[in-house]
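S.K.: Take a look at the following structure, please.
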Amino acid sequence: MNFDFPTFLVVASAITGGIWLFDAVFLAPKRRKLATAEGQTEESDEALPKEPLLVEYSRSFFPVIFIVLILRSFLAEPFRIPSGSMMPTLLVGDFILVNKFSYGIRLPVLNKKIIDLGDPQRGDPVVFRYPKQPSIDYIKRVVGIPGDTVYYQNKTVYINGKAMEQTPLGRYTGNGSGTRMTGTIKSSENLDGTEHSILVHPGAPDFPMGCQVLMFGPKTIPEGHYFVMGDNRDHSNDSRCWGMVPDDNLVGKAFGIWMNWDSELDTFPPIAWERIGKGID
């Protein structure tokens, strides 16, 4: 079961803020009035009636919870990479930051866009809610935008009939959880001006094992949808298998790695220090 953290933050903010507000408007004035009637003042040695413990906790926690809600909902949100589908760009154990306003300001929980600030472009690494199970967040790379015709054949992406150029970079050597990808071919792919690295298995089929193939021919992307693929092309469950990503499912654009923790690394602590602070191409 996936924990719905955004909903928790909204509910917690509403409860703690509501308790604090109710006390400030209705209960605190009564306490002060009672203290005055008994001859107490704020300057007197005798303390004013103490506020209830629930109110004290709410007053303490509300600002913290509310600030986290605002930062996480509208500025940047952290995510952890659980799989190797975006290797070599992102590795298992990477903790990334996602820009929440790149593709518009959206209300938390409702995910309704209220301010349009831009659209995903080819090559953008995007986090989105998995169309088949929106409670799960995925990260893939935008390959096709609305109006594009996309085709994938012989490890090559074709956009509007044009093959996206690939430059071989040699055999890939993985570490930790990525060791199993050692020996695959690492290449630099150019998506109409946006370059990034990919991994391919020369002898593997064009579609990942277990994929319900949806791309037996060129697909034209409808308005408000995006075609996404993982950089680890032969080990990614993506638009080739389950279709397009609706604009309503977008979460934001990944832009940086702030931590890496891979329990399969042969180091202690199991941190790839060189990845901390690295940008995401």
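S.K.: Would you mind stating whether Leu91 is of a type outside the set (D, E, K, R) and either touching a helix residue (DSSP H, G or I) at 6+ places or on another chain (Cβ under 9 Å) or under 14 Å from Leu250 (Cβ atoms) (or both)?
M.R.: Criteria met by Leu91.
Yes/no per residue for (1) part of a helix (DSSP H, G or I); (2) more than 30 Å from Asn260 (Cα to Cα):
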{"residue": "Ile139", "(1), (2)": "no, no"}
{"residue": "Pro146", "(1), (2)": "no, yes"}
{"residue": "Val150", "(1), (2)": "no, yes"}
{"residue": "Pro168", "(1), (2)": "no, no"}
{"residue": "Thr173", "(1), (2)": "no, no"}
{"residue": "Ser177", "(1), (2)": "yes, no"}
{"residue": "Glu195", "(1), (2)": "no, no"}
{"residue": "Leu199", "(1), (2)": "no, no"}
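S.K.: Tell me the residue from Val245, Val200 that is under 16 Å from Ile139 (Cβ atoms), in contact with a helix residue (DSSP H, G or I) (Cβ under 9 Å, 6 or more places away or on another chain), surrounded by 14 or more Cβ atoms within 10 Å (Cβ to Cβ) and at pLDDT 95 or above, please. Walk me through how you get there before you give the answer.
M.R.: On the way: Val200 fails: under 16 Å from Ile139 (Cβ atoms).
Just a single option satisfies the conditions, and that option is Val245.
S.K.: To continue, here is another question. Note down all Cβ pairs under 8 Å where the first residue falls in the stretch 168-181 and is in contact (Cβ under 8 Å) with a residue 60 or more places away in the chain and in the same structural domain as Ile198 (by TED's automatic domain parsing), the second is surrounded by 13 or more Cβ atoms within 10 Å (Cβ to Cβ) and in a strand (DSSP E or B), and they're at least six residues apart or on different chains.
M.R.: Tyr172/Ile185; Tyr172/Lys186; Tyr172/Leu199; Met181/Leu199; Met181/Asn232
S.K.: Any idea which residue in the stretch 117-132 is farthest from Leu75 (Cα to Cα), counting only those that are hydrophobic (A, V, I, L, M, F, W, C) and either in contact with a Ser or Thr (Cβ under 9 Å, 6 or more places away or on another chain) or assigned to a loop (DSSP other than H, G, I, E, B) (or both)? If you could, list the steps in order and put the result at the bottom.
M.R.: The first filter runs over the stretch 117-132 and keeps only residues hydrophobic (A, V, I, L, M, F, W, C), leaving 117, 126-128.
Now narrow it down to the ones that are either in contact with a Ser or Thr (Cβ under 9 Å, 6 or more places away or on another chain) or assigned to a loop (DSSP other than H, G, I, E, B) (or both): 117, 126.
Numbers: Leu117: 13, Val126: 15 Å.
Among residues in the stretch 117-132 that are hydrophobic (A, V, I, L, M, F, W, C) and either in contact with a Ser or Thr (Cβ under 9 Å, 6 or more places away or on another chain) or assigned to a loop (DSSP other than H, G, I, E, B) (or both), the one farthest from Leu75 (Cα to Cα) is Val126.
S.K.: Give the residue, chosen from Thr182, Thr194, Thr220, that is surrounded by fewer than 18 Cβ atoms within 10 Å (Cβ to Cβ), touching a strand residue (DSSP E or B) at 6+ places or on another chain (Cβ under 7 Å) and among the β-branched types (Val, Ile, Thr).
M.R.: On the way: Thr182 fails: touching a strand residue (DSSP E or B) at 6+ places or on another chain (Cβ under 7 Å); Thr194 fails: touching a strand residue (DSSP E or B) at 6+ places or on another chain (Cβ under 7 Å).
Residue meeting the stated conditions: Thr220.
S.K.: Would you mind telling me which numbered condition in (1) more than 15 Å from His235 (Cα to Cα); (2) at pLDDT 95 or above; (3) touching a helix residue (DSSP H, G or I) at 6+ places or on another chain (Cβ under 6 Å) Met215 fails?
M.R.: The number of the failed condition is (2).
The values are calculated or read from the model by the stated rules, or taken from the named source; none is laboratory data. The structure presented is a predicted model; accordingly, all values stated were derived computationally and were not measured. Because the Cβ atoms are built from the backbone with ideal geometry, glycine has one as well, and the counts that use them run over all protein chains shown.
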